[in-house]
Amino acid sequence: MTRFALLSLLLVLAACATPLERCVTQATRELRTVEGLIAETEANIARGYAIEEERVPYSYFTWCARGDVDEDGSGLVWCRQTDFRLREKPVAIDMQAERRKLADLEEKRRDLAAAAAAEIRRCRAAYPAN
């Protein structure tokens with residue numbers, strides 16, 4: 001699923017969330033981000049390389065509208081369009097640097113988990129369940 005689609009889905013679901021759910025979501029946002037980075041770093045270490053997405057252009061032909069109308073009255077012409085697609089590309093990593101990054105992220109996760117737990121308690125006090 002693309003990041004845009006995932007973000008759109010989260011926004012739609014957030015609109016349906018209760019005040020308590022929105023509060024908890026807000027309280028754990030950074031923690032979830034760090035956990036995602038930890039998972040990505042662990043996968044990089046396990047593989048021995050990282051994966052980056054790069055935009056690659058490609059061309060295709062389609063019908064395009066012209067300003068004037070041609071002989072058949074359609075105003076359409078055959079034209080070339082350029083678009084982009086994402087391609088995964090393996091990238092070399094410094095394993096020691098990745099391990100240091102993982103240790104730093106795990107420490108950050110511990111700090112954020114404690115802060116999120118306190119914030120969740122405040123959320124539950126402010127928005128008691130019915």
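Computed from the coordinates by the stated procedures, all read-outs in this text should not be read as laboratory data. All values derive from a computational prediction rather than experimental measurement. Every residue, glycine among them, receives a Cβ derived from its backbone with ideal geometry; neighbour counts consider all protein chains shown.
Taking R0 as 35 Å, what's the FRET efficiency between Ala50 and Ala115 from their Cβ-Cβ distance, rounded to 0.05?
The value I calculate is 0.75.
For Glu42 and Arg87, what does the FRET efficiency come to when R0 = 22 Å and r is the distance between their Cβ atoms, rounded to the nearest 0.05?
0.40
What ranking do 52-62, 101-111 get when scored by the average of other Cβ atoms within 10 Å per residue, highest first?
Highest mean packing first, the order is 101-111, 52-62.
Compute the distance in nm between two label points, each set 7 Å from the Cα along the Cα-to-Cβ direction, one at Ser74 and one at Cys16.
Inter-label distance under the simple model: 4.3 nm.
Could you grab the Rg to Rh ratio for the range 85-130? Cα atoms only, Kirkwood for Rh.
Rounded to two decimals, Rg over Rh is 1.33.
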